[in-house]
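> Let me begin by handing over the structure; questions about it come next.
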Amino acid sequence: MPIETLIDEFIAEHKADLDNLPGYSAKEFSSDQDVRWCPGCGDYTILKQVQNAMPDLGYAKKDIVFISGIGCSSRFPYYMDTFGMHSIHGRAPAIATGLKVSRPDLSVWIITGDGDSLSIGANHFVQLLRRNVNVNLLLFNNEIYGLTKGQYSPTTPVGAKFKSTPYGSIDHPFNPLALSLGADGSFVARAMDRDPKHLKEMILRSHQHQGASMLEIYQNCIVFNDGAFELFTDKKSRPTEAIYLEQGQPLIFGKEKDRGIRLDGLQPEIVELGDDFSKDDLWIHDEKDHTKAHLLSRFFEHPPKGQSVTFPRPFGVLYAADRPRYDEDVVNQVEYAKANHGEADLDALLEGPETWVVK
Amino acid sequence: MSIKDQIQEEVTIRFAGDSGDGMQLTGSLFTNTTALLGNDLRTLPEFPAEIRAPAGTVPGVSSFQLKFGSNEVLTPGDECDVLVVMNSAALKANLSLLKKGGIVIANTSGFDKKNLSLAKYPAGVNPLEDGSLTEYELIEVDVTKLVKEAISDMGLSYKDEERTKNMFVLGLLYWMYNRPMESTISFLETKFGNKPEIAEANVRVLKAGYFYGETAEIFSSRITVKQADLKPGTYRNITGNDATVLGLVAAARKSNMPLFFGSYPITPASDILHGLSMHKKFGITTFQAEDEIAAVSSSIGASFGGSIGVTSSSGPGIALKGEAIGLAVMLELPLVVINVQRAGPSTGMPTKTEQADLLQAMYGRNGESPLVIVAPSSPADCFEMAFEAVRISLEHMIPVMYLSDGYIANGSEPWNFPKADELKDIKVRLEGPRKDTESQFLPYIRDERGVRRWAIPGTEGIEHRVGGLEKEDETGNVSYDPDNHQKMTNLRKEKRDRVADFIPLQEVDQGKEGGEIVLVGWGGTYGSLRTVTHQLRKEGMDVSHIHVKYISPFPKNLKELLEGYDQVIVPEINDGQLVRLLRSEYMLKATPINKVKGRPFGVQELKAEVKKAIKTPVS
Ligand code: SF4
């Protein structure tokens, strides 16, 4: 379904709420707490874009909840003037599941990092995606443990030297998007702190998606891992090293928009647009195509410093599909039982199937 | 030979067979019929941790013991009067539990060469034939053959025929103890409603067993146990886990709040998950989480959103939940944590009982992390204490640990259940909407009991943040200030301690206030302690019994009460845990009696230990 239709549907569904909305400004979502990230940290941009996106959600402030785990990014809820919980390491998806299942009326956001969600909380992360609980997960990936002062994380590339890997990491990293697709995530997307406009758009897309939305955000940790994503985020190299995905559009990148990706069967190849190949020969992005989303998630090279990738790193929505949401089904079962399993008579329940009387 | 009619005050029967022989069902059906006749009773199911341990072997034996009587029955009995054994392994595993002179009813087809060798009897030895059972009354019945005779015309498979064996034995015992078959027949007809031929086969075999008792004259007497002198009222039979489920549902109703139950399967707590899952129409949401941590975390999330968050497990799972329980202490949200204790440490003995998680409940989290601990004392008492756990948690915004154990969770007893409107209302204090946008909302402002209000999302003007970091009182803002941490630590402890003003005072269960000796127990040992106290008092000793159901905080009068006795004896199914709490809280001299064998205290064994303890008081 094209994005416009999705948005129209969403607006129709939430019309009453939207009409009654107090017109919020982004500033109203900023809490009275001093923000305590290091100066220059990528978290600031993300916070700003989330606050910018909030007035467009169609939800009243009282109905929005941010839940985080532990780590630099997990301080996030303190800075939002909504309901929030800064919980324990890795468990935000489990806490959010309990909240959403019992309060489907709320807009629930999970704020987490690569250590929080892909190491200590990896189990809850994949279970949330497989169950397809209708919440939005923002994964701040900085490929490092910041709060504990610089150990390698489950997304750090092999060879990286940090405090706990003085001889270089020998630990094969996760590919978060491939992992999410493997867990049957129904919405899998990527954005970066250095492109705020696209980031805000992705935050809104996450919200509009009905189901578990997994948005990975490349976030620069200026103190411990500065420049980890520079190849993709720097304005100079970005055109050739990154590619922005748009639904229904051909896969084009390059400084002059002169390169494209075409599919030979299931084999992607880079082509120069010109005499031999035109736009019509290229791979057309389809968010609903799980197989192609997998191929895109595999554009995941870690070239040595100073070198380029063969296939550009994709940003945007790799995959978005509609499938049953766990929270809705839980509620439906309870409602069904209420409607069809007879009166909820506590006396009858206490009495049980067989009784006897002592005189 | 003529059959005598005999009246007995109490009888203990033990059904034992292979895990596949249906002994638990046989025991439960006998129990229900017996309950309906108005006997008092207690049951002790014992089964292997493996679902199907190798057939015919001693580790594969599954047993169900039941004591019933016309007097008060508080334990499932130390030794049994009748031992039913479906095979030779069952005899080997259980003979030591049979009274001298007791009756063995043996299924002879379970004593063939193959079964004897599986049970590891030496070659050529058959205990039914070698005279080793002369101290007992041995009744041999070829159940397999008799079952075949009863239903061979139905053309069932060998397997289906074999599966009805337990009904033959049940019918035989119904005849022997003068019990009607109706309740069991209607159970079978419902259970096999869509397989009428299986229902018919089971009913036919049940009746065949009954009539075999009548006509074969294998028993010298037929026994009647009269109705017990229970308090007048309407009764049902209930297990501890089922009573826990009902207590939770009732508390949800009485507090008018939805209940969210997040759990992960674990023996012996899973029946609570199964039970609650059936009561969705009461507005109960159950969530089978991916692990113990997600189970408790989802409950905390639900609780933040305004549901009664409840999670359940057994010791190993509680260990995993520890960090999250600490979060609930910090957030000051309601949370009920059910621990159906089993023998530990580590995986321990999953199907065996123990009460060794009290200190874990008390201290098993990082930091100063006070919570409330309550412990039911019997299967039926699980209802009241589960209700109390929810009440305290909601009214005091504090996690409550509920310590049941495998023995009372699976055991059953008659329950004089209450009427819904006799149950007290639970008063929840919700934060209301706020129009004032100038002043700051204070999520941690407290009332005179030190309790904050429940401020749930969706309420206008009270948007606020909570977290596991130390916070400032009232504002809830993060604070690392040294004096503030001291203050908050004190506030959390005082809030827990003040719960003592809202729980019943400690009563003396039996005996009197003050005197020579008091037995102090908690949890599932109630029946054994009560019975022993009763017997010692009959022998003329000055012994009283106090059973503590509220452990953290203790009832306000407990200290004074205990100081009124010359000697305090604390029997526990652990290595001495309540005794340590009493000593450290009250500087009390107390004598421990401890046992960790995965089984409850036997009455005679406990009585002997108490007598020994009286002779050698420990200071
Ligand atoms: S340590 Fe890194 S991730 Fe953490 S706040 Fe500082 S810059 Fe940001």
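The values are calculated or read from the model by the stated rules, or taken from the named source; none is laboratory data. Computed from a predicted model, the values in this text were never measured in an experiment. Glycine gets a Cβ as well: all are built from the backbone with ideal geometry, and neighbour counts include every protein chain shown. For accessibility, only protein heavy atoms count, side chains too; no ligands or nucleic acids. Shrake-Rupley method; radii C 1.70, N 1.55, O 1.52, S 1.80 Å.
> Among the residues of the range B:271-279, is there at least one that is within 20 Å of the chain's Cα centre (by Cα), farther than 30 Å from B:THR33 by Cβ, away from every other protein chain (no Cβ under 12 Å) and open to solvent by 10 Å² or more (accessible area, probe 1.4 Å)?
Scanning the range B:271-279, I find no residue that is within 20 Å of the chain's Cα centre (by Cα), farther than 30 Å from B:THR33 by Cβ, away from every other protein chain (no Cβ under 12 Å) and open to solvent by 10 Å² or more (accessible area, probe 1.4 Å), so the answer is no.
> Of all residues in the range A:196-229, which are in contact (Cβ under 8 Å) with a residue 12 or more places away in the chain and acidic (Asp, Glu)?
Of all residues in the range A:196-229, those in contact (Cβ under 8 Å) with a residue 12 or more places away in the chain come to A:196, A:198-200, A:202-225, A:228-229.
The answer is A:GLU216, and nothing else.
> B:VAL372 - would you say it is touching a His at 6+ places or on another chain (Cβ under 9 Å) and either open to solvent by less than 10 Å² (accessible area, probe 1.4 Å) or not assigned by TED's automatic domain parsing to the domain that holds B:GLY27 (or both)?
Working: touching a His at 6+ places or on another chain (Cβ under 9 Å): yes; either open to solvent by less than 10 Å² (accessible area, probe 1.4 Å) or not assigned by TED's automatic domain parsing to the domain that holds B:GLY27 (or both): yes.
Judged against the criteria, B:VAL372 is a match.
> Would you check if A:LEU295 is crowded, with 18+ Cβ neighbours inside 10 Å, under 29 Å from the mean Cα position of the chain (by Cα) and within 30 Å of B:ALA289 (Cα to Cα)?
When the stated conditions are applied, A:LEU295 does not pass them.
> Now for a different question. Quick check: is even one residue across the range A:70-85 within 16 Å of the chain's Cα centre (by Cα), crowded, with 23+ Cβ neighbours inside 10 Å and part of a loop (DSSP other than H, G, I, E, B)?
no
> Also, I was wondering about something else. Please indicate, with yes or no, whether at least one residue in the range B:557-567 is of a type in the set (D, E, K, R), in the same structural domain as B:MET587 (by TED's automatic domain parsing), in a strand (DSSP E or B) and open to solvent by 20 Å² or more (accessible area, probe 1.4 Å).
Yes: one or more hits.
> Still on this structure, I have one more. Could you tell me which numbered condition A:ALA183 fails, if it satisfies all but one of (1) within 16 Å of the ligand (Cβ to nearest atom); (2) within 14 Å of chain B (Cβ to nearest Cβ)?
(1)
> List every residue pair whose Cβ atoms lie under 8 Å apart, where the two residues are 6 or more positions apart in sequence or sit on different chains, the first residue falls within the range A:125-140 and is open to solvent by 10 Å² or more (accessible area, probe 1.4 Å), and the second residue, located anywhere, is of a type in the set (D, E, K, R).
Partner pairs satisfying both residue conditions: A:GLN127/B:GLU290; A:ARG130/A:ASP184; A:ASN134/A:LYS100; A:ASN134/A:ARG325; A:ASN134/A:ASP327; A:ASN134/A:GLU328.
> Taking the range A:48-58 as the search range and keeping residues that are open to solvent by less than 10 Å² (accessible area, probe 1.4 Å) and either part of a helix (DSSP H, G or I) or more than 24 Å from B:ALA302 (Cβ to Cβ) (or both), which one is farthest from the ligand (Cβ to nearest atom)?
Applying the filter and picking the extreme gives A:GLY58.
> Please determine whether any residue of the range A:59-68 is more than 26 Å from A:LEU128 (Cα to Cα) and crowded, with 17+ Cβ neighbours inside 10 Å.
Within the range A:59-68, not a single residue is more than 26 Å from A:LEU128 (Cα to Cα) and crowded, with 17+ Cβ neighbours inside 10 Å.
> Let me ask something else about it. Restricting to the range A:123-152, give me the number of residues that are within 16 Å of the ligand (Cβ to nearest atom), closer than 18 Å to A:ALA189 by Cα and either within 14 Å of chain B (Cβ to nearest Cβ) or assigned to a loop (DSSP other than H, G, I, E, B) (or both). Give the steps one after another, and end with the answer.
First pass over the range A:123-152, keeping only residues within 16 Å of the ligand (Cβ to nearest atom): A:138-152.
The next check asks that each one be closer than 18 Å to A:ALA189 by Cα; those that pass are A:138-143.
From what is left, the residues that are either within 14 Å of chain B (Cβ to nearest Cβ) or assigned to a loop (DSSP other than H, G, I, E, B) (or both) are A:142-143.
The number of residues fulfilling the criteria is 2.
> For a quick check of your reading of the model, give me the residue pairs whose first member lies in the range B:239-251 and is under 11 Å from B:GLY411 (Cβ atoms), whose second is of a type in the set (Val, Ile, Thr) and assigned to a helix (DSSP H, G or I), with beta-carbon atoms closer than 6 Å and at least 6 apart or on different chains.
Going by the 6 Å Cβ cut-off, the qualifying pairs are B:GLY240/B:ILE408; B:ASN241/B:ILE272.
> Is it the case that the range B:259-275 has a residue that's among the polar types (S, T, N, Q), in contact (Cβ under 8 Å) with a residue 24 or more places away in the chain and more than 20 Å from B:GLU395 (Cβ to Cβ)?
For the range B:259-275, residues among the polar types (S, T, N, Q), in contact (Cβ under 8 Å) with a residue 24 or more places away in the chain and more than 20 Å from B:GLU395 (Cβ to Cβ): present.
> Shifting gears a bit: Is there a residue in the range B:447-461 that is part of a strand (DSSP E or B), farther than 30 Å from B:GLN24 by Cβ and within 13 Å of chain A (Cβ to nearest Cβ)?
Yes, because at least one residue in the range B:447-461 is part of a strand (DSSP E or B), farther than 30 Å from B:GLN24 by Cβ and within 13 Å of chain A (Cβ to nearest Cβ).
> Let me ask you something else. List pairs: first residue in the range A:317-337 and within 9 Å of chain B (Cβ to nearest Cβ), second residue among the aromatic types (Phe, Trp, Tyr) anywhere in the structure, Cβ distance under 9 angstrom, at least six positions apart or on different chains.
A:VAL330/B:PHE287; A:ALA337/B:PHE282
> Considering only residues that are touching an Asp or Glu at 6+ places or on another chain (Cβ under 7 Å) and under 20 Å from A:ASP114 (Cβ atoms), look in the range A:31-45 and name the one that is farthest from the ligand (Cβ to nearest atom).
A:THR45
> Turning to a different aspect of this structure: Please give the number of the condition A:TRP356 fails out of (1) facing chain B (nearest Cβ under 7 Å); (2) closer than 17 Å to B:THR285 by Cα; (3) among the hydrophobic types (A, V, I, L, M, F, W, C).
Exception for A:TRP356: condition (2).
> I'd like the full set of residues that are β-branched (Val, Ile, Thr) and open to solvent by less than 20 Å² (accessible area, probe 1.4 Å), limited to the range B:1-30.
Looking only at the range B:1-30, we keep the residues that are β-branched (Val, Ile, Thr), and these are B:3, B:7, B:11-13, B:26.
If the condition is that a residue be β-branched (Val, Ile, Thr) and open to solvent by less than 20 Å² (accessible area, probe 1.4 Å), then B:VAL11, B:THR12, B:ILE13, B:THR26 are the ones that fit.
> Here is a list of conditions, (1) in a helix (DSSP H, G or I); (2) at the interface with another protein chain (Cβ under 10 Å from one of its Cβ atoms); (3) in contact (Cβ under 8 Å) with a residue 24 or more places away in the chain, and A:GLY115 meets all of them except one; can you say which number that is?
(2)
> Might you check whether a residue that is crowded, with 16+ Cβ neighbours inside 10 Å, within 14 Å of chain A (Cβ to nearest Cβ) and without any contact (Cβ under 8 Å) to a residue 60 or more places away in the chain occurs anywhere in the range B:479-493?
yes
> Also, quick follow-up: Among (1) in contact with a strand residue (DSSP E or B) (Cβ under 9 Å, 6 or more places away or on another chain); (2) open to solvent by 30 Å² or more (accessible area, probe 1.4 Å); (3) not basic (Lys, Arg), where does B:GLY467 come up short?
(2)
> With respect to B:LEU156, is the statement that it is farther than 20 Å from B:ASP81 by Cα, open to solvent by 10 Å² or more (accessible area, probe 1.4 Å) and in the same structural domain as B:SER96 (by TED's automatic domain parsing) true?
In short, yes.
> With the checklist (1) open to solvent by 10 Å² or more (accessible area, probe 1.4 Å); (2) within 16 Å of the ligand (Cβ to nearest atom); (3) among the hydrophobic types (A, V, I, L, M, F, W, C) in hand, flag the one item A:ALA26 doesn't pass.
Only one criterion is unmet by A:ALA26, namely (2).
> Find all pairs meeting these conditions: Cβ atoms under 6 angstrom apart; at least six residues apart or on different chains; first residue within the range B:110-123 and in the same structural domain as B:MET86 (by TED's automatic domain parsing); second residue open to solvent by 70 Å² or more (accessible area, probe 1.4 Å).
B:ALA119/B:LYS92
> Separate question: Counting just the residues of the range A:153-166 that are within 14 Å of the ligand (Cβ to nearest atom) and farther than 27 Å from A:VAL65 by Cβ, which one comes out most open to solvent (accessible area, probe 1.4 Å)?
A:LYS163
> Quick one: how many residues across the range A:298-332 are within 19 Å of A:GLU216 (Cβ to Cβ), among the basic types (Lys, Arg) and surrounded by fewer than 20 Cβ atoms within 10 Å (Cβ to Cβ)?
So the count comes out to 1.
> Is the range A:92-102 home to any residue that is surrounded by 24 or more Cβ atoms within 10 Å (Cβ to Cβ), in contact (Cβ under 8 Å) with a residue 12 or more places away in the chain and part of a loop (DSSP other than H, G, I, E, B)?
First pass over the range A:92-102, keeping only residues surrounded by 24 or more Cβ atoms within 10 Å (Cβ to Cβ): A:92-102.
From the residues that got through so far, the ones that are in contact (Cβ under 8 Å) with a residue 12 or more places away in the chain too are A:92-97, A:99-101.
Remaining after also requiring part of a loop (DSSP other than H, G, I, E, B): none.
No - not one qualifying residue is present in the range A:92-102.
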